[in-house]
Every structure is written in C-alpha cells, then in structure tokens.
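To keep things clear, I will list the structure first and then write my remarks on it.
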Amino acid sequence: MTRLDEAPAEVAGAAGGPRMAEPVTSGAAGLPDDTPVLERHPELRYFRARLGGTTLLDVPAPAGGARIVAKCEFENPTGSVKDRVAYALLCRAVLEHEGPGPLKLLDYSGGSLVRSFGQLGRITGIPMRFAVPSTIPDSWLRQITASGVRVDPVPVELGIAGIIDRAFAVKAEDPSWTLLHQMRNEANVAVHEWTTGQEVLAQLDGRRPTHWVAAIGTGGTLTGVARALRREFPELVVLGNTPGEMPYGTEGPPNGLTKFAGSGGLGHGVRQPFVAGLAADADHRSVEYGAALDAMVRFEARTGLRIGTSAAANWQVAWETAAALGPDDLVVTVFPDAGAAEEWERAYARAAS
C-alpha cells in the first residue's frame, strides 16, 4: 500500500484495492522560521543566500498565441527546484526535533531532492537516508553517495508507491530516523507559496497570468505557486502535468516505463494529496517521455539553454495551451532543472536517429 497518511496500517478501499490517500486541505500557514536554524547551523547561510531569486524568463511561444514565461529553477544551488523544498523540510525538522538522539533525516525521492539534501547534509553533518528508484542517473548517484547520503534503491517497476513504502519500512525498522514525508509535509507547499510564488508575482511586474503549468511530482510546486498567484488572480487556470506513461490518478498499478523526471501518477487511483486537496479544480495534461526528449532538443536549438525532461514537458504543455489562446493571455510555467547528463545523451541520440 502507498502510505500517504501518517497511519501505518493498510486499509482496503471500496474496490478492494489500496485505499485512497486523504487529501491535504488545510493549506500551509507559513514557512518555518529559519532564524534559529541558521543560529544552530551558521554554515547554512551561504546556501540560503544563493537560494531562490531565480529568473522569470520569456520563452518561445506559438505565433499569434499567448506568451509563455518560465521560472528558471536550475539557478538554485544544486541546480534544482528541490533546493527550496529541501531547505524548508530541513528547517522544519530541526525546529521540531526533540530527541532523544541526534536528528537523522529519512525520506523518498526520484533524485533531485536527495541531491539537494546531499549538499545540506554535507554542510550540516546531519545523517540522511533516502529511498530512490533503481533508475536514478549514475551521474547523480555518484554525487549523492559522495555526499554521504545512504540510499536504498527500489526496483523501478514498483513506481513512486514502492519508493514511499521503502521509506516507511526503514522508519518501522529503526524509529530513530525522522521521516520527512514530503508528500504530506506542508513545508513543501509553503516554500513555493511564500518564496517561488511571491517571486513570480513580483517578476510579472503588472502582467496578468492566465494559466499556470507545472509537473506533478509531490504536487508542492503546482499547489504552492497556484495559491500565491490565485490570491491576486483568482481566475487563474491551473494545469498539472504528468507523464503519459503514468498520468495523474492512474487506476492501474505502477509500471517500470521510463518517464520524464521527477513526476508521475501513483497508481491504483491514488492522487497526490496536495493536488487532490489544494488544487482539486486543476486540469490535467500528460507528455510522453519521447516527446519530452524531443522538446529538450528543440528548446536548446531555439534558445541555447538546456532544460531537463520535466521542464521540457512543462514547456510542451505551455506551448499547446498558448496555441489555443490569444496574445493578451500569459502562461506561466517552471523549469525544475537542466537535466542529467544521461537525459541529454538520450535526447541527442533520439534526435540523431
């Protein structure tokens, strides 16, 4: 069962399969106060100083359609939007830790979050352990293990659900680990509502966004930024993007098909709790892995910039959305990272074939 709530027991749903996750509906009151964390770990100040403030870039859009702007999250310290999440989760864990032993952090990740935590662990000396998919890029795995993070690879065919289950199993075996549980940890939404989203609003400089597009991994980026934008633009249309090989709300079981990075449905009809509770009216799109690779190459050819598969998938959805709109509309999206070396090798090989 995919344990997306705090209860360890499995509960069958009405159809006899794994029960649906409880949506997160309360939102996020605010960011954890990092002042005492920085006092305890002053070595974090350099990381914090380089976090956020990323560019909102005008990117190629279809002629005659809406304009497209993208938040360039590859400008963060380790090159990923997950740097924001990792820092917020770390701060909350440090503030809430009561012992009796030292703080040790445990969670699950498709790859980018654990890279971020690897740097934070190296800075602070806090032990860290993550369940990850067996297909995590070798270049990232070498970086992660060199940082001292302990990884538990999970067969890719078990999907995100299997990775989550492995983290819960580690917690059950050794309760001394603090499980961050990013899919229900409201610091995940708060950091995007109060940093990423607020930055977008300031950078729009009076322009009115009509659509917001983001890939759904945990749903933190999608819902956090949507909450920030909708306070000023309540008519904003929210579009969640997941792989065609495993869309949001997929009724079937997880699969081992290759998908664009960091995203995907959970299987068995389970929906990401933040999205189900905080963006229940979101429309949903999907992009297949091959199309994301093709979009990477097209975007680099047009701009000279490298973006990863999830960013390319977001641009693809933003482009298709903009094509059906007018020049007075504005589609906002996010580029989570610039892609692993292995993604680019596949993209170039596909383009050359």
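The values are calculated or read from the model by the stated rules, or taken from the named source; none is laboratory data. Since this is a predicted model, take the numbers as computed values, not measurements. Cβ atoms come from the backbone with ideal geometry, glycine included; neighbour counts cover every protein chain shown. Note: areas computed on protein heavy atoms with side chains; ligands, DNA, RNA excluded. Shrake-Rupley method; radii C 1.70, N 1.55, O 1.52, S 1.80 Å.
Residues in segment 208-300 average 33 Å² of solvent-accessible surface per residue, probe 1.4 Å, ligands and nucleic acids excluded.
Summing Cβ point charges (Lys, Arg +1; Asp, Glu -1) relative to the Cα centre of the chain gives a dipole of roughly 480 debye.
For segment 125-191, the Cα gyration tensor yields ellipsoid semi-axes of 19, 16, 14 Å (square root of five times each eigenvalue, largest first, whole Å). The angle separating the long axis of helix 220-232 from the principal Cα axis of greatest extent in the chain is about 60 degrees. Dividing the summed helix terms, -39500 (n - 2.57) for each DSSP H run of n ≥ 4, by the number of residues in the chain produces a 222 nm estimate of -11500 deg cm²/dmol to the nearest 500.
Before I look further, what does segment 64-146 give for accessible area per residue, probe 1.4 Å, in whole square angstrom? The answer is 33 Å² per residue. Residue-normalised convex hull volume from the C-alpha trace of the chain: 133 Å³ per residue. Could you tell me how many degrees, from 0 to 90 and to the nearest 10, lie between the Cα long axis of helix 309-323 and the main elongation axis, the longest principal axis, of the Cα atoms of the chain? So the inclination is approximately 40 degrees.
In nm², what is the average projected area of the convex hull enclosing the Cα atoms of segment 89-159?
Hull-based average projected area comes out at 4.9 nm².
Taken over the Cα atoms of segment 136-237, the convex hull encloses 146 Å³ per residue. For the chain, carbon and sulfur atoms together expose 52% of the accessible surface, with a 1.4 angstrom probe and every protein chain in place.
Helix 112-124 and the longest principal axis of the Cα set of the chain meet at an angle near 50°. Under the shape rule built on the C-alpha gyration tensor, where the axes satisfy a ≥ b ≥ c, segment 202-344 is oblate, since a/c reaches at least 1.5 while a/b does not exceed b/c.
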